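Here the structure comes first, spelled out in structure tokens, and everything after it is commentary.
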Amino acid sequence: MKERLLQLKQEILDNLGKANGLLVLRELETKYLGRKGELTKILRGISELSVEEKKHIGKLANEIKTELQNKFKETEGLLSGSANEAGFIDVTLPGKKIKQGHLHPITIIQNELEDLFLSMGFMVLDGPELESDYYNFEALNIPGNHPARDMQDTFYIEGAEGEEGKRGGEGKSDLVMRTHTSPVQIRAMRKYGAPLRCVVPGRVFRCEATDACHDTTFDQLEGFMIDKNISISNLISVLKEMLSGIFKQEVKIRVRPGYFPFVEPGLEVDVSCAICDGKGCPSCKHSGWLEMIGAGMIHPNVLKYGGIDSKEYSGFAFGLGLTRLAMMKYGIDDIRLFNSGDLKFLEQF
Ligand code: FA5
């Protein structure tokens, strides 16, 4: 049996060497290694040998089988791809198309906004998504147990302690998933001082029910400018520049008073709903307007927390709902699609 095995191995290797196409290779594989193949038959016969013979022949047979299987794989690799059945390589055939990834729509619009603000002399900053209660609330003039905390409920990280000690009010730990990009205002003021011009794009988190225009995870872009004699007209002109830069056409906006503890006065900017053309639909809660930006003049207490003298400097700040802006720009009627991971949706961009 040993001789027969070695003979068969040589025969198979010879035939493999002559194989000039995948079809021939498949035939050889069936002939020798298939269910009724010649090598398989020999391997089955091993069970009838004596215990002593089984030890030697069994080991040899397995080694031969593994070696041949590898040889088949290797030959397949050589024959597949550019060579056809006759072994002819057609170098003019087009290559295999590699599927390319692409940018997420939020990243596209974020990049556009960054370019726009860089051209106006703003710095682009980043900040932590897991933020201390202190930066997210307290330094923004929202002390523990203040009712304004209810406006932005969040995910509290149990047992974690932030850099400024425990300040989250009773039963709350000191690290939170940031509810807005505004905490970076304080971080930037402390790091760079005044004058200052920054934008901060980033992901934020809220513990709230979702609908067509609300998600629990979405993106914002914070913007702020601190200098001598900054007024609300600077804010309005920067917002106008931003919206016309993104929409590349005049957009209908509405400005109304708004309350945020970290600005005084505060305002909200709504954009006419692009999904229904202002007529009213589920995406704008049937109002014809979509709340897009919270803004105002930075509160003197916030400047103080940031180490800036509010007698010398003033500033404006705004928080743009980046994901809502993407909804309006691309005509997406449900905000939840952006984080859905649905490739049919994403491949349109
Ligand atoms: C804030 O987050 C303030 N930090 C904005 C601000 C910054 C005000 C600086 C003043 C000065 P508000 O919660 O309104 O505010 O959110 C700002 C924008 O984020 C909204 O106008 C809206 O466009 C978007 N937004 C708010 N909640 C959601 C949500 N659940 N899903 C999607 N977008 C949201």
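The values are calculated or read from the model by the stated rules, or taken from the named source; none is laboratory data. Quick caveat: nothing in here was measured; it's all calculated off a predicted structure. Cβ placement follows ideal geometry from the backbone for every residue including glycine, while neighbour counts extend to all protein chains displayed. Calculation scope for accessible area: heavy atoms of the full protein, side chains included, ligands and nucleic acids excluded. Shrake-Rupley method; radii C 1.70, N 1.55, O 1.52, S 1.80 Å.
Here are the numbers:
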item	result
Mean-position separation - Cα centroids, the range 268-325 and the range 205-249, in angstrom	5 Å
Dipole of the chain, positive direction: furthest Cα of 297, 265, 43, with charges on the beta-carbon	43
Nearest-20 debye value, the range 105-346 charge dipole, Cβ charges on Lys, Arg, Asp, Glu	560 debye
Note, ³J(HN,Hα) from phi for the range 109-122, Karplus 6.51, -1.76, 1.60, rounded to Hz, x at Gly and Pro	5, 5, 4, 4, 5, 4, 4, 4, 6, 4, 5, 9, x, 8
At R0 = 35 Å, FRET efficiency that the Cβ-Cβ distance of residue 301 and residue 348 yields, to 0.05	0.20
The range 2-85: C-alpha gyration tensor shape, a/c 1.5 cut-off, then a/b vs b/c	prolate
Per DSSP, loop chymotrypsin sites (Phe, Trp or Tyr not before Pro) in the range 48-139 with at most 16 further Cβ within 10 Å	88
Gap separating the Cα centres of the range 21-50 and the range 328-346, nearest whole Å	54 Å
Whole-Hz couplings from phi, Karplus 6.51/-1.76/1.60, listed for the range 31-45; x for Gly and Pro	4, 9, 9, x, 4, 10, x, 5, 5, 4, 4, 4, 4, 5, x
Of 92, 16, 249, farthest towards positive along the dipole that unit charges on Lys, Arg, Asp, Glu beta carbons give the chain	16
Qualifying trypsin sites (Lys or Arg not before Pro) in the range 40-141, DSSP loop, other Cβ atoms within 10 Å at most 13	96, 97, 99
Helix-only [θ]222 nm of the chain, DSSP H runs n ≥ 4, -39500 (n - 2.57) each, per residue, nearest 500	-11500 deg cm²/dmol
Protection-proxy order for peptides 306-312, 26-32, 246-252, each taking the mean of Cβ atoms within 10 Å per residue, highest first	26-32, 306-312, 246-252
Unit charges on C-beta of K, R, D, E only; dipole of the range 2-85, Debye	280 debye
Percent carbon-and-sulfur accessible area, the range 2-85, ignoring ligands, DNA and RNA, probe 1.4 Å	52 percent
Greater than 31 Å apart at Cα, pairs in 228/285; 59/96; 41/96; 304/329; 248/285	228/285; 59/96; 41/96; 304/329
Partnerless cysteines, meaning none of the other Cys C-beta atoms lie under 4.7 Å away, in the chain	198, 207, 213
Förster radius 56 Å - calculated FRET efficiency between residue 145 and residue 26, Cβ distance, rounded to 0.05	0.15
Principal axes of the range 210-287: Cα extent on each, largest first, Å	43, 30, 22
Karplus-derived HN-Hα couplings along the range 47-63 (A = 6.51, B = -1.76, C = 1.60, θ = phi - 60°), whole Hz, x at Gly and Pro	4, 8, 7, 6, 4, 4, 5, 3, 4, 6, 5, x, 4, 4, 4, 5, 4
